[in-house]
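Report on the following structure.
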Amino acid sequence: MSELADAFVTALKLIFTGDPEVWEIAARTLAISCSATFFAALISIPIACLIHFNHFKGKGTLISILQTFYAIPTVLVGLLVFIIFSRAGPLGGLGILFTPQVMVIGQVVLISPLMTGLTVSALSGVRPEIRDTAVSLGAGRFQMARTVLVEAKYATLTAVLIGFGRAISEVGLAIMVGGNIRGFTRTLTTAMSLETSMGNIELSMALGIILLSLALIVIIIPSWIQQRSSRVQQR
Amino acid sequence: MLLEVNELCQRFGNSDILKDINLEVERGETFVIVGPTGSGKSTLLRLIGLLDKPASGTIRFGGREVPDSERARLELRRRIAIVFQRPAVFNTTVYDNVAYGLRIRSEKGASLRNKVARALETVGLSGYEKRNAQTLSGGETQRVALARAMVFEPELLLLDEPTANLDPLSISNVERLISQIIRDLDTTIIMSTHDMFQGQRLADRIGVMISGEMLQTGDPREIFSRPQSRSLAEFVGIENILRGVIASNEDGIVTIDTDGIPLEAISNLDPGSEVYACIRPEEVILAPAKDLTSARNTFPGEVSHIVLFGPLARVEIDCGFPLVALITKKSAEEMGLQTGSRTYAYFKATGVHIIER
């Protein structure tokens, strides 16, 4: 037990003395996951609108397929991206395997179905009267969609954050297509996995605390904004 | 003619919600569709507001048939505004809610601010600009919805049961507001309500809709006193409806045989015509003894039930057929009427409205 406590103290020291490697890994992780979340949101939100606001055959099936992808193993996406970007693969010519760029692409593939599906749910959660009201006041299709999306802003933000949470916490994909290259593609999760297997529990734990704190901050800030804005509204 | 509706039908699944609706509304007119809940009023307003497409039939707006293409419909739709029965407000300030229609129409700056301010003043919500619209009461929400709809000065304003979910005080406020809009704006208004009296108070013309059919359109007073069908008679509150056959016609005074009981009424129908005789409860006079009066119909009977409401008493009399009379509570007290009392019921031949079966 005391060994564990010692490890914890060492971990805190590593964090607060500003160990360059720890902070470099943390910054890279954040950069990769934030980029992936940004691009995934850019793709997912318009697609979710297209799905939600149109009636077409197989809509229910499409949503079910999206929901199946919520639980897709990260290693499976890793394998797929690896095959596509490996030298012999269709996009092998780009030569970006084992770079942060391909990790972003992989994470976008991983979290887009999740974000799309949850955004569709978010839009469905808006009362149909809002849509009718927008249309009855003269909104065109695009304006109506924007209005409904604004009404669903908190639920949509949650969808984006859950996507971010999945991106920052996954390890299988990052190792397979990033390769855990020190100073280049190493992230908090891949580093933890490596350091733990090498017996560097203190370092692993420091990385784990940072990972948890990042996740916590990213989840807390929006709900704080939401609470604040609803307080303002009540005035 | 601003609006012409021809043979309009709407179906959901296997049920006909609207059956061959024909309707014409003049520019500047206030037309009120009156009908019970579920009669298809909202469905009709959604079609007129171009929110839905009909199963068949045509709508002409401003003399031009409503086109099929979404772009052209949008252009027409921007000249119409709808206020729904349960208005939804956007989760933002009152100001932004009211400004919505103007912003959609690319209005900005001082002109937008002035129009919003004027609309809020009209509905009595000046000073509410920064409040979140979702924190308002039902009556206030309804007023925001009205301001939001009239702010862009639509040519046609559709109001779907604007007072259906409000308390009595809010109802009279919203009604007063609608009268004011009718007076101040020269907008054409089509409004639906289940309240016949509200229709009478606000309308230039009324259309009564029951079970998806527009049964009668016309002057409110005429519909009220001379309904053209039995269901309409029931809807406008005529409680005494007797089935009968015209037995004779002497110079316009007919005798109607209702299950062996003769009634006299004014009609030009020939003997043998099958009719309903409708007598408004307020046309029935009660007296303790048989007097000689000018009333052509006199029936002895026994009071079977009395209900008091406000200054009035609703008296049910068994005269061999059930007859309902509406008299003042004071009269009922002075005559000592109670269940089991003997009384005479009188009504004039002109108090009987005849509907052909």
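Some notes on this structure:
- Separation of the B:E282 and B:F12 label points, Cα + 7 Å toward Cβ, nm: 3.6
- Accessible-area composition of the stretch B:34-111, carbon plus sulfur, in percent [1.4 Å probe]: 48
- Per residue solvent-accessible surface (Å²) - the stretch A:40-195, probe of 1.4 Å: 44
- B:S111 paired with B:L269, simple spin-label distance in nm, labels 7 Å along Cα-to-beta-carbon: 6.0
- Annotation: B:S42 carries an accessible surface of approximately 40 Å², with a 1.4 Å probe and no ligand, DNA or RNA atoms counted.
- Solvent-accessible surface, computed for protein heavy atoms with a probe of 1.4 Å, shrinks by 20 Å² or more for the following residues of the stretch B:30-57 when the other protein chains are added to the isolated chain: B:R46, B:L51.
- Among A:L207, A:L157, A:L91, residue whose mean-square fluctuation peaks in a GNM of chain A (springs only between Cα atoms under 10 Å): A:L91
- DSSP beta bridges fully contained in the stretch B:48-189 are about 35 percent antiparallel.
- Global form of chain A, assessed from the alpha-carbon gyration tensor, a/c cut-off 1.5: oblate
- Calculated accessible area for the stretch B:86-237 comes out at 42 Å² per residue, all protein chains present (probe 1.4 Å; ligands, DNA, RNA ignored).
- Degrees, to the nearest 10: B:138-150 long Cα axis against longest axis of chain B: 60
- Number of Lys-Lys pairs in the protein assembly as shown with C-alpha atoms under 21 Å apart and a separation of 8 or more places or on different chains: 9.
- Among residues other than B:R46 with Cβ under 15 Å from its Cβ, the summed charge is +2 (Lys and Arg +1, Asp and Glu -1).
- Summary of the geometry: the stretch B:46-87 and the stretch B:210-239, compared by the centres of their Cα atoms, lie 27 Å apart.
- In the assembled protein chains, B:Y128 presents an accessible area of approximately 60 Å² (probe radius 1.4 Å).
- Under 15 Å, Cβ to Cβ, from A:G125 - net charge with Lys/Arg +1 and Asp/Glu -1: +1
- Computed per residue of chain B from DSSP H runs no shorter than four, each worth -39500 (n - 2.57), the mean residue ellipticity at 222 nm is -8000 deg cm²/dmol.
- Projecting the Cα atoms of B:L308, B:P162, B:V352 onto the charge dipole of chain B (Cβ charges, centred on the Cα centre) puts B:P162 farthest toward the positive pole.
- Each listed q (0.07, 0.08, 0.11 Å⁻¹) maps to a log10 I(q)/I(0) for the protein assembly as shown from the Debye sum over equal C-alpha point scatterers, namely -0.66, -0.77, -1.07.
- The stretch A:178-232 - percent of accessible surface contributed by carbon and sulfur, probe 1.4 Å: 68
- In the stretch B:90-128, burial by the other protein chains removes 50 Å² or more of 1.4 Å probe accessible surface, compared with the chain on its own, from B:F90, B:N91, B:Y100, B:I104.
- Span-rule helices in chain A, defined as complete DSSP H runs reaching 27 Å or more along the axis (Cα) with Kyte mean at least -1.0: A:20-53, A:100-124, A:201-234
- Folded to 0 to 90 degrees: helix B:94-104 orientation relative to chain B principal axis, Cα: 70
- Accessible-area ranking of A:I209, B:I206, largest first, probe 1.4 Å: A:I209, B:I206
- Taken over the C-alpha atoms, chain B has Rg and Dmax values of 24.9, 77 angstrom.
- In chain A, the calculated helix contribution to ellipticity at 222 nm averages -26000 deg cm²/dmol per residue, counting -39,500 (n - 2.57) for every DSSP H run with n ≥ 4.
- Where B meets A: accessible area buried, both sides, 1.4 Å probe, Å²: 1900
- Nearest 10 degrees, 0 to 90: helix B:109-122 Cα axis against chain B principal axis: 20
- In the stretch B:244-333, the C-alpha radius of gyration followed by the widest Cα-Cα span (Dmax) gives 14.7, 43 angstrom.
- Using a probe radius of 1.4 angstrom, the carbon and sulfur fraction of the accessible surface of the stretch A:16-91 is 77%.
- Net charge over other residues, Cβ less than 14 angstrom from the Cβ of B:L112 (K, R count +1; D, E count -1): +3
- Estimated FRET transfer efficiency when R0 is 45 angstrom, pair B:A164-A:R228 (beta carbons, to 0.05): 0.80
- Förster radius 41 Å - calculated FRET efficiency between B:S331 and B:D184 (Cβ-Cβ, nearest 0.05): 0.40
The values are calculated or read from the model by the stated rules, or taken from the named source; none is laboratory data. All values reported here derive from a predicted model rather than from experimental measurement. Ideal geometry is used to build each Cβ from the backbone, glycine not excepted, and the neighbour counts take in all protein chains shown. Protein only, heavy atoms only, side chains kept; ligands, DNA and RNA dropped before computing areas. Shrake-Rupley method; radii C 1.70, N 1.55, O 1.52, S 1.80 Å.
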